[in-house]
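Quick notes on the structure that follows.
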Amino acid sequence: MKKRKVLLRAYLLGMLFLLLLWQAAASLVQLPIIPEPCLVFERLGEIFVDKIAVHAAYSLWRIVAGILLAVLVGYPLGIIMGYFRKADRYLAPLVYLTYPVPKIALLPILMLLAGIGELSKIIMIFLIVVFQIVVALRDGIRGIPAETYYPLYSLGAGFRQVFRHILVPATLPNFITAIRVAMATAVSVLFFTETFGTQYGMGYFIMDAWLRVNYLEMYTGIVILSLLGLLLFGLLDILEGRLCRWQMK
Amino acid sequence: MIEVKNLAVAYQRLQQRNIALQDVSLTVPQGTVCAVIGPSGCGKSTLLKAVAGLLHDYSGQVRINGHEFNPQKLRIGFMPQNYGLLPWQTVEDNIKLACRIKDGWSEAKSGKMQELCRKLGLENLLARYPQELSGGQQQRVSLARVFLLEPDILLMDEPFSALDAITREEMQDVFRDLWEEAGITTMLVTHYVEEALYLGQQIALMSANPGTIAEVMENKWQGSREWKTTTEFFVKSQELKEKIKAMGARKR
């Protein structure tokens, strides 16, 4: 309980610090391009339910779908590459060749193949996130000392048991870190992909407000994106606390 | 009974073929402890790994209780140097692990587990994680795990080497008490001569380069606390140390 209070206080202090910084910048510049935070929050209260909520829901859905798809593909691939050296020998060159390609550059092709709707946006997030998951899991498994497996191998344990008792728990911290890094990337990518081919999503909302020179609404969108990130990161922290209890000791 | 016949292990390193073990033959009779001792790098741990089924690339024969080695059918208790505890599992789960893997956990084993934990003083540590325990406590958890399994054979790779002198002696006594009740055929790799003399009914002395069994000695005083304080024990341990030193020098 005490720990939770300390954590909450740290979050609140962080927010307060950012707000003070924002307020100072607004007071210093005195231009509509940096409005005062109190005005932005006032506007947010007015338009959240009617205007922003639907855009936030669309963005959240795209992030979750893209990351889920990346986990579905990347998790088994990372485990296979980390545990089976032979598989890694053949798959690693493929990963190394495709990982550095800027996926955003593939967006035109993706839009032609998957359309300009939901699918291309989700696939774009998937493409960017999946490599991070694969590499984090593979390296996580490689970092497990050989001796960890000995008691299980000497008992004749099969892959299923090794997977359950060693691979999953040992790679969990790496996996969660990969998701955490991927999440931030996903939000940035999402913003870009939502600027065309859709009328929903936080990217669309912010760009639309900017083009209408409605800076107050533009800032409400930025605040919502930031809060979305806070929510997702917070959920991951809770998940990590529950699943990796042994690491906190 | 553990029977090792003409065991040879070689490995490739930087285009050079190194022979780790050559023509190793050793028989550990049923219900005895064989302490394997020798200079550093003589292949003690490699021998243990071969018996545990952790090495596949070897020639020769390893037979357990008269049968070809088969980890699926056998119950092998293996205690590595670092205790082999999984840091993400609580003490309770670590103790249950070997049984879970071998035949699944059943409540019938709870009684035996409770008894073992009481003997080893682990009752109040069950909810903790290994990293919250001292080296001696981790060692106790590892012992509880292998003795709960009731293995056909027990293989220990320098199990007490990471402990301080006092805890090491204490743990040797704990092991000896458990072993006397269970009477499991045990192969114990150690680099402590005193440990070999105290715990091994049979002492297999290995020489290095290539690793092989140089001598097997019978030790009728095994397990006797009184013997540990006698001059004879001291003389015997000095003799053994001299032999190991000579083997190490020959290696160079």
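Here, each number is a calculation from the coordinates, and none is a lab measurement. All values derive from a computational prediction rather than experimental measurement. Neighbour counts run over all protein chains shown; Cβ positions are idealised from the backbone, glycine included.
Worth pointing out:
- Relative to the dominant Cα principal axis of chain B, helix B:135-149 is inclined by about 80°.
- Among A:Tyr11, A:Tyr99, A:Tyr90, the largest mean-square fluctuation in a Gaussian network model of chain A (Cα springs under 10 Å) belongs to A:Tyr11.
- Spread over its residues, the convex hull of the C-alpha atoms of region A:53-244 is 122 Å³ per residue.
- Ordering of B:165-178, B:137-150 by burial proxy (mean other Cβ atoms within 10 Å per residue, highest first): B:137-150, B:165-178
- Assigned charges on the beta-carbon of Lys, Arg, Asp, Glu; the protein assembly as shown dipole about Cα centre (debye): 560 debye
- Based on Cα contacts under 8 Å between residues 6+ apart, region A:167-249 shows a relative contact order of 30 percent.
- Distance (nanometres) between label positions extended 7 Å along Cα→Cβ at B:Glu107 and B:Ser40: 5.2 nm
- For B:78-90, mean number of other protein chain Cβ atoms within 10 Å: 5
- Cα-based helix-to-principal-axis angle, B:231-251 vs chain B, degrees rounded to 10: 60 degrees
- At 1.306 mPa s and 10 °C, Stokes diffusion of the protein assembly as shown via Kirkwood alpha-carbon radius, µm² per second: 58 µm²/s
- Shielding by other protein chains, A:153-166, mean Cβ within 10 Å: 6
- Burial order of peptide ranges B:38-46, B:118-126 (average beta-carbon count within 10 Å, highest first): B:38-46, B:118-126
- Positive-end ranking of B:Met156, B:Met187, B:Val235 along the dipole of region B:148-252, with charges on Cβ about the Cα centre, is headed by B:Val235.
- A simple packing score, the average count of other Cβ atoms within 10 Å per residue, orders the peptides A:35-46, B:188-199 as B:188-199, A:35-46, with the highest score first.
- Partner shielding of B:99-106 amounts to 3, given as the average count of beta-carbon atoms from other chains within 10 Å of each residue beta-carbon.
- Take every pair of alpha-carbon atoms less than 8 Å apart whose residues are at least six positions apart; their mean separation over the length of region A:53-244 yields a relative contact order of 30 percent.
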